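Engineer: Can you keep this structure in mind? I'll have questions shortly.
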Amino acid sequence: MHEQQIKTQTAQETIKLAEELATNLRPGDVLTLEGDLGAGKTTFAKGIAKGLGVERTVSSPTFTIVKEYEGEIPFYHMDVYRLENSDEDIGFSEYFNGDGIAVVEWAQFIEDYLPEDRLNINITYVDEHTRNLTFSATSKHFEWVVNELKG
Ligand SMILES: Nc1ncnc2c1ncn2[C@@H]1O[C@H](COP(=O)(O)OP(=O)(O)OP(=O)(O)O)[C@@H](O)[C@H]1O
Ligand SMILES: [Mg+2]
């Protein structure tokens, strides 16, 4: 496993970092986001959407579990927080094996449905505006994506 840590000092910096990362993604890529409430998962997802050319406003899909957006390639934004203690399959494989980019908040709650090949981003709170992002790549492609990040 290849890991890299990057700290951001503002929400805007987290968005910029995700936006930069998104430009190196390819159809079918799955990104999993872990981190406490308010860590910055949705903020990071907004940056991914921006980098993929999504024009609609991206808001948290906590109540719908998944929201689909049109960009240069489709963007699937999921928040599976409500599936903790549930093994409901909302059709994950369609999203994970499709032609879009999937970003999953609280991914640890659907561990059994996640593809092996994915990029995990763990966000931890340092102080009010500082976050530590740990990128863990399990494939050559994601290793490359992570290495391209300037931080
Ligand atoms: N460096 C930073 N990176 C990201 N967000 C930051 C940073 N500094 C401050 N923030 C703020 O922290 C909050 C992060 O909220 P966000 O909704 O992205 O978290 P979340 O992890 O998705 O929470 P939830 O678990 O409720 O879905 C926002 O209000 C954002 O402005
Ligand atoms: Mg969120």
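The values are calculated or read from the model by the stated rules, or taken from the named source; none is laboratory data. None of the values given here were measured: they were computed from a predicted structure. Methodologically, a virtual Cβ is constructed for each residue, glycine included, from the backbone with ideal geometry; neighbour enumeration extends over all protein chains shown.
Engineer: Report, by residue number, each residue of region 125-145 that is over 14 Å from the mean Cα position of the chain (by Cα) and under 18 Å from residue 21 (Cβ atoms).
Structural biologist: Residues of region 125-145 that are over 14 Å from the mean Cα position of the chain (by Cα), as a first pass: 125-132, 138-141, 143-144.
Within region 125-145, 131, 132, 138, 139, 140, 141, 143, 144 qualify.
Engineer: Tell me which of these residue 22 doesn't satisfy, since it passes every other one: (1) touching a residue at least 40 places away in the same chain (Cβ under 8 Å); (2) closer than 18 Å to residue 105 by Cβ; (3) within 13 Å of ligand 1 (Cβ to nearest atom).
Structural biologist: Among (1) touching a residue at least 40 places away in the same chain (Cβ under 8 Å); (2) closer than 18 Å to residue 105 by Cβ; (3) within 13 Å of ligand 1 (Cβ to nearest atom), residue 22 violates only (3).
Engineer: List every residue pair whose Cβ atoms sit under 7 Å apart, with the two residues 6 or more apart in sequence or on different chains, where the first one lies in region 53-67 and is on the phi < 0 side of the Ramachandran plot and the second, anywhere, is among the β-branched types (Val, Ile, Thr).
Structural biologist: 60/42; 66/90
Engineer: Out of 18, 102, 49, report the one residue that is within 18 Å of residue 134 (Cα to Cα) and modelled with pLDDT of 95 or more.
Structural biologist: Of 18, 102, 49, the one residue that is within 18 Å of residue 134 (Cα to Cα) and modelled with pLDDT of 95 or more is 18.
One line per residue, one yes/no per condition, for (1) touching a Pro at 6+ places or on another chain (Cβ under 7 Å); (2) within 16 Å of ligand 2 (Cβ to nearest atom); (3) in a loop (DSSP other than H, G, I, E, B); (4) closer than 17 Å to residue 35 by Cβ:
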{"site": "71", "(1), (2), (3), (4)": "no, no, yes, no"}
{"site": "86", "(1), (2), (3), (4)": "no, no, yes, no"}
{"site": "90", "(1), (2), (3), (4)": "no, no, yes, no"}
{"site": "94", "(1), (2), (3), (4)": "no, no, no, no"}
{"site": "102", "(1), (2), (3), (4)": "no, yes, no, no"}
{"site": "111", "(1), (2), (3), (4)": "no, no, no, yes"}
{"site": "141", "(1), (2), (3), (4)": "no, no, no, no"}
{"site": "144", "(1), (2), (3), (4)": "no, no, no, no"}
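So that you can scan it fast, the table gives a plain yes or no per residue for (1) touching a Phe, Trp or Tyr at 6+ places or on another chain (Cβ under 6 Å); (2) surrounded by 13 or more Cβ atoms within 10 Å (Cβ to Cβ):
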{"site": "5", "(1), (2)": "no, no"}
{"site": "38", "(1), (2)": "no, no"}
{"site": "51", "(1), (2)": "no, yes"}
{"site": "68", "(1), (2)": "yes, yes"}
{"site": "75", "(1), (2)": "yes, yes"}
{"site": "90", "(1), (2)": "no, yes"}
{"site": "103", "(1), (2)": "no, yes"}
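Engineer: Here's something else I'd like to know. Filter region 1-55 down to the residues that are away from ligand 2 (no atom under 16 Å from the Cβ), part of a helix (DSSP H, G or I) and of a type in the set (S, T, N, Q) and list them by number.
Structural biologist: 12
Engineer: So, in region 63-100, how many residues would count as being within 14 Å of ligand 1 (Cβ to nearest atom) and either touching a helix residue (DSSP H, G or I) at 6+ places or on another chain (Cβ under 6 Å) or within 13 Å of residue 28 (Cα to Cα) (or both)?
Structural biologist: Residues in region 63-100 being within 14 Å of ligand 1 (Cβ to nearest atom) and either touching a helix residue (DSSP H, G or I) at 6+ places or on another chain (Cβ under 6 Å) or within 13 Å of residue 28 (Cα to Cα) (or both): 4 in total.
Engineer: Taking residue 59 as meeting all but one of (1) within 30 Å of residue 147 (Cβ to Cβ); (2) small (Gly, Ala, Ser); (3) within 16 Å of ligand 2 (Cβ to nearest atom), write down the number of the exception.
Structural biologist: It is condition (1) that residue 59 fails.
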